[in-house]
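Enquirer: One structure follows; several queries about it will come next.
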Amino acid sequence: MKRYIIAAALLIGTGTVITTMHSCSTIASTDLGVSIIKKLLLNGIDKGMAIYSNKEAFLQNNMVDKALPKQLRDINSTLEKIAPSLVAKERDYIAQAAAYTVNTSRPILEGAVNSLTSQDVRRIAEGTMATQILKEKTSQQLIAAIAPKVDEKLNEYGIVKTINTALSGNNLLGNLLGGGSNNVNAGGLSKMASEQLVNGLFNIIEDYEHQNSKALLGPLGK
């Protein structure tokens, strides 16, 4: 790893300004380096949770839309030809499910951030995105944790039944859903929605990291 000699004034979570001079490899192995990364990720998590807690902000966020699984995107494209209003309704219900999962996702993410090690920070100093490390640690756990809540919320609104009613007799989804079936499986829709929520959240955190890495990760040679 390249070594940089830098001088930086950092505003850490305590509000204390710390001035230091170290090589990036030295900083990466210190409590200071870990604190910098934790601050960055926790701020990104806060931003994501704020968006997920606000239905309008969620619906308007392109980071969430980019996370839409291909199969669900294809289903929605088909629904647009049959019942366009149903796609908007589905998105609205997923947005409400997003708010319903915030209290489940936050402690998992914050726990992973607080367990970051100097080895994790070294990887970041060497070029790995901090968000990528967080994703590696929590992605599958998050999907497993929120899927039951997403399923509960979508079933509460009966969106799966409504979609299947709209698709009744339509052959456009045969290849998408497998076996020539035109029925959307409730658990399948919930899983796809859960994947969208988790990946969308990481997109938001990663975007925050990109926007703020120069200021916060400069001492690590980023």
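Enquirer: Checking residue 125 against (1) exposed (fewer than 15 other Cβ atoms within 10 Å of the Cβ); (2) in contact (Cβ under 8 Å) with a residue 12 or more places away in the chain: exactly one of these is not met. Which one?
Expert: Here residue 125 meets the rest and fails (1).
Enquirer: Please pick out the residue among 20, 30, 16, 78 that is on the phi < 0 side of the Ramachandran plot, modelled with pLDDT under 85 and surrounded by fewer than 14 Cβ atoms within 10 Å (Cβ to Cβ).
Expert: Within the list 20, 30, 16, 78, the selection yields 16.
Enquirer: Scan the stretch 81-112 for residues that are more than 21 Å from residue 57 (Cα to Cα) and open to solvent by less than 50 Å² (accessible area, probe 1.4 Å) and jot them down.
Expert: Matches in the stretch 81-112: 83, 108, 111, 112.
Enquirer: Within the stretch 154-172, is there a residue that is at pLDDT 85 or above, open to solvent by less than 30 Å² (accessible area, probe 1.4 Å), part of a helix (DSSP H, G or I) and not small (Gly, Ala, Ser)?
Expert: yes
The values are calculated or read from the model by the stated rules, or taken from the named source; none is laboratory data. These figures come from a predicted structure and were not determined experimentally. Methodologically, a virtual Cβ is constructed for each residue, glycine included, from the backbone with ideal geometry; neighbour enumeration extends over all protein chains shown. Accessible surface is based on the protein model in full, side chains and every heavy atom, while ligands, DNA and RNA are left aside. Shrake-Rupley method; radii C 1.70, N 1.55, O 1.52, S 1.80 Å.
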